1. Along segment 191-205, what does the Karplus equation 6.51 cos²θ - 1.76 cosθ + 1.60 (θ = phi - 60°) give for ³J(HN,Hα), rounded to whole Hz, x for Gly and Pro?
2. Considering only Ala128, Gly219, Leu112, whose Cα is most displaced toward the positive end of the charge dipole of the chain, charges sitting on Cβ of Lys, Arg (+1) and Asp, Glu (-1)?
3. Note down the nm distance, to one decimal, between modelled labels 7 Å out along Cα→Cβ at Asp312 and at Lys133.
4. How much length is gained if the chain between Lys302 and Gln118 is pulled fully straight, taking 0.36 nm per residue apart and subtracting their Cα-Cα distance, in nm to one decimal?
5. Roughly speaking, what is the stretch gain from Val276 to Asp107, that is 0.36 nm per residue apart minus the C-alpha to C-alpha distance, in nm to one decimal?
6. Name the residue farthest towards the positive end of the dipole of segment 292-345 from the options Leu324, Phe342, Tyr293, assuming +1 on Cβ of Lys and Arg, -1 on Cβ of Asp and Glu, about the Cα centre.
7. Explain nothing, just compute: Karplus ³J(HN,Hα) = 6.51 cos²θ - 1.76 cosθ + 1.60, θ = phi - 60°, for every residue of segment 297-312 in order, whole Hz, x for Gly and Pro.
8. Ranked from the most accessible area to the least, with a 1.4 Å probe and all protein chains present, what is the order of Trp221, Trp303?
Amino acid sequence: MKNIKIKYVLPFITMAFIVLGVFSSCDNDDSSGSSGAPVITSVAKSVEGDLVPVTVGDPKNYYIIQGKGLSGVTKIYFNDFDTYFNPTLVTDTAIFVLIDEKTPYADASNKLKLVTKQGTVLYDFVIAPPTPKFGSYNPINAADGDVVTIYGDYFLDPIVKVGATEAEIVSSSLTEIKFKMPANSADKYVSVTNISGTTSSEEAVGSALYDDVIQGDAGHWMWSGSDTFDTNFKDDVVQGQAAIKFVFGGWNGADMKFNSRDVSKYKAFRVKVKSVSTNANASVIFVFGGWAYQIKKPLTNKWTTIEIPFSDIGNPTTFDQLTLQESGSFGGNTILMDDMGFVLK
């Protein structure tokens, strides 16, 4: 059977029967059939349109394996992972199969293997990882040439860029990359690319007020000596390797004093916050100079990203102090904060 083009217009399973029905009709015209050793001629993704051969497969997607001598298939392996297939979706010239999401993609054989009653055939085929998961990078305020760590997942053969500039990778694993910050990287975003796509950081280089340490720190203190201000809390973090833990008494507060900083290029203050207390009314007020901003909803036990537009606090052009006040009013709260900084315009 040669040069068959099939337009898909129905859901996958119905489409599979139509596709395999066409192939089956061709089998009836092909006297060589399953009498010989199996041969794979191509693999195509099962999508609307023509059957276009591909050499890379995405887990959780359906594919059509084409060839001959396939009807006697007993096993299908992608990267040596035993993959389930439905025998009713097999003809002598085609197999309709779903690539399992558990199929390995790193340090793998990059082979599709079919085992049939007539023999075994190997075919070059790469399983792609998911698009990179960009968890965080640290330090956000890295200088040119500093070694920076990216935390996340699916970093297979990664390419790291800061803005449009490709960075030098020092080391990498599937979950961590160390790279050197290129020159002129301030106010640019960090991205990681693998074979499946690209994911970028939420934070621009240089935008942090806290990235495991308080940046430009000119002093910080709690209003009450019995309260806690821990800037190196590592049991629960969302950015880097540490967070800030505040243990507030009712309506108590904390002050953070910073070296004066020009914020004219930013549009908002950002922070991730969560409550680890049982107080259902856990909340906090942020005070910037003479402007107060209270979180409108009570904090929960899940990290919540808060952005406070500068237009809501008087459009400041400089920043040098942040005051927090616990506002749950039921005896105090324990609150975590992380990824504190600014959002570029």
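1. Result, ordered by residue: 10, 10, 10, 10, 4, 8, x, 10, 10, 10, 5, 7, 10, 7, 4 Hz.
2. Final value for the positive-end residue is Leu112.
3. That separation, rounded to one decimal, is 3.0 nm.
4. 60.6 nm
5. Numbers: separation 169, 0.36 × 169 = 60.84 nm, distance 4.00 nm.
Value of the extension gain: 56.8 nm.
6. Projecting each Cα onto the dipole axis, the largest value belongs to Tyr293.
7. Running phi through 6.51 cos²θ - 1.76 cosθ + 1.60 with θ = phi - 60° gives 10, x, 5, 10, 8, 10, 4, 10, 7, 10, 10, 10, x, 5, 5, 8 Hz.
8. Greatest to least solvent exposure: Trp221, Trp303.
The values are calculated or read from the model by the stated rules, or taken from the named source; none is laboratory data. Since the structure is predicted, the reported quantities are computational estimates derived from the model, not experimental observations. Note that we place each Cβ from the backbone using ideal geometry, even for glycine, and neighbour counts take in every protein chain shown. When the accessible area is computed, the model is the full protein with side chains, heavy atoms only, and any ligands, DNA or RNA have been set aside. Shrake-Rupley method; radii C 1.70, N 1.55, O 1.52, S 1.80 Å.
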